[in-house]
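Engineer: Before I ask anything, here is the structure I am working with.
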Amino acid sequence: IDFKNKNLDLIFENLILSNSSEAIIIREQNSKGILLRGYLEKDFSKLDLINNENFIGQKNIIEKNSISIGRELSFNLNLEIGDNITIMSSAGIETIVGNIPRQTTFTITSIFESGLVDFDNNVIFLNLRTLEEFSNLSSNDRNLEIYLKNPQDIEKQKKIIQNIFSNDLIYTWADMNKSL
């Protein structure tokens, strides 16, 4: 879709590819369920929470085995930049004895703070291709995140986007956060 010809660049701030998966983080005697969100390196640096003053670490790097964690998760598990942690995927490796969960060690290269404690305690960012390999996801499973220049007028802009992507499920920040 040529967004410039449709004047959609007037309402779109950024278009970012992502994917998500559930996993378990393992640190010493602790384990915790988390949500993994994968981004391409060029898109990671476009995220607002990466560019705020509370972000610590490498803004432009989200390499193969590096991750960015929330400040609350870093406090709860006593993690710092440079620490290695093990993450177990919900997708497993098929062996002759059955399905074995996939585990990989990642290095923390940055810590973010979104302002939402639950988000900062439960979400980890990593490289999109690493996530897809780790979680047995296809590039066909990817999401297109659309960041708007005026997110307050969300229902009107949702209708515009729904007309463009008529065969796709469109949900907004308002749909995902009805309790707020």
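Engineer: For the range 149-172, what are the residues that are surrounded by 12 or more Cβ atoms within 10 Å (Cβ to Cβ), out of contact with any Ser or Thr (no Cβ under 9 Å at 6 or more places or on another chain) and within 25 Å of Val117 (Cβ to Cβ)?
Structural biologist: Selection gives Thr172 alone.
Engineer: Here's something else I'd like to know. Can you tell me which residue within the range 35-78, out of those that are among the aliphatic types (A, V, I, L, M) and more than 11 Å from the chain's Cα centre (by Cα), is surrounded by the most Cβ atoms within 10 Å (Cβ to Cβ)?
Structural biologist: Filtering first and then ranking leaves Ile62.
Engineer: Could you list, in sequence order, all residues of the range 92-137 that are crowded, with 18+ Cβ neighbours inside 10 Å and free of Cβ contacts under 8 Å to residues at least 40 places away in the same chain?
Structural biologist: Matches in the range 92-137: none.
Engineer: Here is a further query. Ile161 passes all but one of (1) of a type in the set (A, V, I, L, M, F, W, C); (2) farther than 27 Å from Lys64 by Cα; (3) part of a strand (DSSP E or B); which number fails?
Structural biologist: Of (1) of a type in the set (A, V, I, L, M, F, W, C); (2) farther than 27 Å from Lys64 by Cα; (3) part of a strand (DSSP E or B), only one is false for Ile161: (3).
Engineer: Then there's this: Within the range 138-156, can one find any residue that is without any contact (Cβ under 8 Å) to a residue 60 or more places away in the chain, at positive phi and not aliphatic (A, V, I, L, M)?
Structural biologist: Among the residues of the range 138-156, not one is without any contact (Cβ under 8 Å) to a residue 60 or more places away in the chain, at positive phi and not aliphatic (A, V, I, L, M), which makes the answer no.
Engineer: Being of a type outside the set (S, T, N, Q) and either under 18 Å from the mean Cα position of the chain (by Cα) or open to solvent by less than 20 Å² (accessible area, probe 1.4 Å) (or both) is the filter here, so list the residues in the range 79-91 that pass it.
Structural biologist: Within the range 79-91, Leu79, Ile85, Ile87, Met88, Ala91 qualify.
Engineer: Those residues that are within 14 Å of Met88 (Cα to Cα) and among the acidic types (Asp, Glu), I need them from the range 98-154; list them, please.
Structural biologist: Listed by number, the residues that qualify are Glu132, Glu133.
Engineer: How many residues does the range 49-91 hold that are free of Cβ contacts under 8 Å to residues at least 24 places away in the same chain and closer than 20 Å to Leu17 by Cα?
Structural biologist: Number of matching residues: 2.
Engineer: Just checking, how many residues over the range 138-148 are within 30 Å of Asn99 (Cα to Cα) and either of a type in the set (D, E, K, R) or surrounded by 10 or more Cβ atoms within 10 Å (Cβ to Cβ) (or both)?
Structural biologist: Result for the range 138-148: 4.
Engineer: Also: Name every residue in the range 136-180 that is among the aromatic types (Phe, Trp, Tyr) and either under 21 Å from the mean Cα position of the chain (by Cα) or modelled with pLDDT of 85 or more (or both), in order of residue number.
Structural biologist: Tyr147, Tyr171, Trp173
The values are calculated or read from the model by the stated rules, or taken from the named source; none is laboratory data. All figures in this text were calculated on a predicted structure; none of them were measured in a lab. For neighbour counting, all protein chains shown are included, and Cβ atoms are generated from backbone atoms with ideal geometry for every residue, glycine included. To get the accessible areas, we keep the full protein, side chains included, count just its heavy atoms, and leave off ligands, DNA and RNA. Shrake-Rupley method; radii C 1.70, N 1.55, O 1.52, S 1.80 Å.
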